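This report refers to the structure that appears directly beneath it.
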Amino acid sequence: MEEFNFNGGGLERITPARPTYKMIALRGLVVFPTQSVHFEVGRDKSLTAIEKANALGENIFLVAQKNASKQNPTSEDVYRVGVLARIQQVIKLPNDTMRVLVTGLEKRVIREFIAETPCFEVELDTYPDEPSDETQVRIMKDLVNQKIKEFASLDPKLPKEKLSALAVGNDVKRFIANATTILEQDSAERQRILELRTEHEQLEVIYAHLVSLCEILTAEKRIAERVKQSIDKNQKEYYLREQIKAIHAELGDDEDEAAKIKEEAQKRNLPDYAIQKIEKELNRMSKMASNSPEAGVIRTYLEWMLDLPWNERTEDEIDLKTAEKVLDEDHYGLEKVKERIIEYLAVHTLSNNLKGAVLCFVGPPGVGKTSIVSSIARAANRKLVQMSLGGVRDEAEIRGHRRTYIGAMPGRILSGMKTAGVNNPVFLLDEIDKMSSDFRGDPASAMLEVLDPNQNDQFKDHYLELPYDLSKTMFVCTANTLDTIPTPLLDRMEVIQLSGYTYEEKLQIAKRYLLPKQILANGMKEGSVVIPDDVMMQIIVNYTRESGVRNLEREIASVIRKLAVKTVKKSLKKPSFKVKAEDLIEYLGAPKFKDEETNRTDSVGRVTGLAWTRVGGTTLNIEMALISGGKGEITLTGNMGDVMKESARTALSLVRSRAEKYGIESTKFTTNDIHIHIPEGATPKDGPSAGITLSTAIYSTFTGKKVRGDVAMTGEITLLGNVLAIGGLKEKSLAALRSGVKTLIIPKENEKDVKDIPEEVKRGLEIVLVSDLDEVLDVAIVK
């Protein structure tokens, strides 16, 4: 009965309110009419909807999400057609979830979303099915029945209860509901079936799915039969491999790993012996299960074989003028080194042969050994591979491990070649003097084969087990000293000595390379910092004592960082700084080394000697004292080696033998004990080159005459007073210049080496050549 409302001017019909329903968005589940379904509910909106509908005894609307992975769907994320369902049972589970049993009643379509919080609430419209042609429905029933029987015959594992559920009875709606779930279409496909309005159309979709399943099962059966006919029934492992092959054949997949590897080997133009090895390993792998550990080892080996550059190379574009320009751009000084590199490149240009050219740069740290190798690679237009040998003590690091070991890999030589991608890189063997040996082998002996031009075209890595040609590779080594390099290995290298830098060379290096580099590295703009030459020289003299320039670079970086702080604090847009001499204390602190004038005073028993170390030359202050009331015993301290101790005793015997000539009372040698000390006792000291220094200190102490503080000396002394030649003259002369002395005394036998002393040193030092101790004393003792 219609209802009306009187509004004063007449009657107005009252439109009845539409019922609303609580809604649940289901993930991966589509419910059909007549279907009873269990599902679990855990999301807040769904829990609220179930609780409210169940409390009020209302039906609930179930609709599927478009994207099942979405955790918090909105109204745009659900389909419009769903099923109105009756809640049959609600069971609360742990973790705030519920298990719900519902029965689908009828299809409905969403008219309007009334609310989305705290749960979905919707108005619905009916979604009636359209009548189907009974004849067409009957025909589709027969077709579906036939396919169900065929499906059951092809899939004997199908449970009987599923077959009974699939049997088409009079209730077509119930059959459609069961079939869509049991035949396992995805949720989008089930939703499509739900939205179809006629039973005929729904049956057609189910029939098409049954046809597809039957074709798949028929193909699987055909594959199984083909495999069964081609293999022995007892060979299960082989059966599985053949089944995989048959599957590839059925899919039309013609990918063959072995064929691809062979094709790649032919395309890379590998040597014949390498191709034969690959074919042999492929034959072994074909007889193994693809997931066996040994097959994985073979596959890794084959990948290494294909990744190595057997014939790939970079074309040399050597232009000597360009090479000279590159070397000059990257390094200041080092003229002899550059000259030898240019010679090497010239010979290679003419002969195209690298045999016999293994260069070894030897010098103290920080003089540019490693960086000059980078310049060689750039000048020769070659790739650079760097391998640090410091601390290497296992031969397998060079030659690799045999494949019998788990996790075996090639050595670092072949790893470097793989990284380069070409067979003619510049290969830097850095710190070759730092290798050692233990029970795992001697890597230095393994390097003999690598660096021998007559052998390295047949280099054999333990892992590869095949000859690999290293003859096109340019090997360059670096070292701080030659003492620890075995003689056979040293014999295979051409040694090029890199001495320390003079003050002038350091100044030029700092101006041209270090300062611009550190300005950019610390975020400052190019040209924003200027350090005048006199200020830079103060940094070199007062804050560094080294052969190279690494500490100098650190000091420059410290100055730039201080200026960077000022730039940020003052928010300078265009910073410009000029460093003054008085600023150095603020930026770098007090000078680390004493002024040369205050450090060089005349004194008795104190003499400045010179020593060579693996990090360059250094000064050696020798001190001596007489202890009265003794018995003529000699005490030597300062961590002296055996050779230096012998030099001290020789010097004492020499002075004692000339006591009358030097005006020394002979009783002084028997009534006084002698103590000779060399400061910095933690540093080991050895060698014969301090002979004249020790003799001068002994003479000064016994005669009481002062030794000039501005004189440094080096030379071996004999028992007859002859001065013999020493080594490392260039490094020692640089150390003398750095220490601030004015006169350098050296053996006359070293006259031939004076030409190697830098011009700056010759200008800054008076070099005196001596052949006898008396000549040393004439120069060194204060008149």
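The values are calculated or read from the model by the stated rules, or taken from the named source; none is laboratory data. On a predicted model such as this, the values are computed, not experimentally measured, just so you know. FYI the Cβ positions are ideal-geometry reconstructions off the backbone, even for glycines, and counts take in every protein chain you see. The accessibility values were calculated without ligands, DNA or RNA, using every heavy atom of the protein model including side chains. Shrake-Rupley method; radii C 1.70, N 1.55, O 1.52, S 1.80 Å.
Give the accessible area for GLU395 in Å² (nearest 10); use a 1.4 Å probe, count only protein heavy atoms, and leave out ligands, DNA and RNA.
In the full protein context, GLU395 sits at about 50 Å².
Just the Cα atoms of the stretch 641-783, one point each, no solvent: what log10 I(q)/I(0) does Debye give at q = 0.10, 0.14, 0.18, 0.19 Å⁻¹?
-0.33, -0.66, -1.07, -1.18
At a Förster radius of 60 Å, what calculated FRET efficiency corresponds to the Cβ-Cβ distance of ALA590 and LEU306, to the nearest 0.05?
Efficiency computed from Cβ-Cβ geometry: 0.45.
Counting heavy atoms of the protein chains only and a 1.4 Å probe, report the per residue accessible area for the stretch 10-91 as a whole number of Å².
About 51 Å² of surface per residue is accessible.
Quick check for you: with a 1.4 Å probe and neighbouring chains kept, what is the accessible area per residue of the stretch 562-674, in Å²? Don't skip to the end; give the middle numbers.
Details: 6820 Å² over 113 residues.
I get 60 Å² per residue for the stretch 562-674.
Output the 0 to 90 degree angle, nearest 10, between the alpha-carbon long axis of helix 257-267 and the longest principal axis computed from the alpha carbons of the chain.
Taking Cα atoms only, the helix is inclined about 40 degrees.
Mind checking the full-extension length gain between ILE627 and ASP583? Use 0.36 nm per residue of separation minus the Cα-Cα distance, one decimal, nm. Don't skip to the end; give the middle numbers.
Details: separation 44, 0.36 × 44 = 15.84 nm, distance 4.78 nm.
Going from the current span to full extension adds 11.1 nm.
When the accessible area of the stretch 483-569 is computed with all protein chains present and a 1.4 Å probe, what percentage of it is carbon and sulfur? Walk me through the intermediate numbers first.
Details: 2060 of 4010 Å².
Percent of accessible area from carbon and sulfur atoms in the stretch 483-569: 51.
Determine the share of the stretch 381-421's accessible area contributed by carbon and sulfur atoms, expressed in whole percent, with a 1.4 angstrom probe. Numbers along the way, then the final one.
Details: 990 of 2100 Å².
Of the solvent-accessible surface of the stretch 381-421, carbon and sulfur hold 47 percent.
Round to the nearest 0.05 the FRET efficiency obtained for THR198 and ASP171 when R0 = 25 Å and r is the Cβ-Cβ distance. Display every interim value, and only then the final one.
Details: r = 16 Å, r/R0 = 0.64.
The computed FRET efficiency comes out at 0.95.
How much length would be gained if the chain were fully extended between GLN455 and ASP328, taking 0.36 nm per residue of separation minus their Cα-Cα distance, in nm to one decimal?
42.3 nm
Determine, for each peptide in 540-546, 309-315, the mean count of other beta carbons within 10 angstrom over its residues, then list the peptides with the highest first.
Highest to lowest by the protection proxy: 540-546, 309-315.
In nm, what is the difference between 0.36 nm times the number of residues separating GLU660 and ARG550 and their Cα-Cα distance?
34.4 nm
List the lysines whose alpha-carbon lies under 28 Å from that of LYS287, not counting same-chain residues fewer than 8 positions away?
LYS221, LYS228, LYS233, LYS236, LYS245, LYS260, LYS262, LYS267, LYS277, LYS460
Accessible area of the stretch 698-781 with a 1.4 Å probe: how many percent of it is carbon plus sulfur?
Numbers: 1560 of 3100 Å².
Carbon and sulfur: 50 percent of the exposed surface of the stretch 698-781.
Using the alpha-carbon atoms, what tilt in degrees (0 to 90, nearest 10) does helix 134-154 show relative to the longest principal axis of the chain?
50 degrees
Mind ordering 21-28, 86-93 by average Cβ neighbours within 10 Å, highest first? Please report the intermediate quantities before stating the final value.
Details: 21-28: 21.6, 86-93: 12.6.
Most protected by this proxy first, the peptides run 21-28, 86-93.
May I ask you to order 701-714, 203-216, 412-425 by the average number of other C-beta atoms within 10 Å around their residues, highest value first?
701-714, 412-425, 203-216
Below 21 Å, Cα to Cα, which lysines can LYS755 reach? Residues fewer than 8 away in the same chain don't count.
Straight-line reach from LYS755, under 21 Å: LYS336, LYS338, LYS506, LYS730, LYS732, LYS742.
Cysteines without a disulfide-compatible partner in the chain, using Cβ under 4.7 Å as the rule?
Taking the Cβ cut-off of 4.7 Å, the unpaired cysteines of the chain are CYS119, CYS214.
Label-point separation (nm) for LYS228 and GLU257, each offset 7 Å from Cα along Cα-to-Cβ?
Here the answer is 2.8 nm between the modelled labels.
Can you give me the accessible area per residue for the stretch 299-426, using a 1.4 Å probe, in Å²?
45 Å²
Under a plain spin-label model, where a point goes 7 Å from the Cα along Cα-to-Cβ, how far apart in nm are ARG18 and LEU105?
Simple spin-label model gives 1.7 nm for this pair.
Determine the percent antiparallel among the DSSP beta bridges restricted to the chain, to the nearest 5.
Looking only at bridges with both residues in the chain, the antiparallel portion is about 60 percent.
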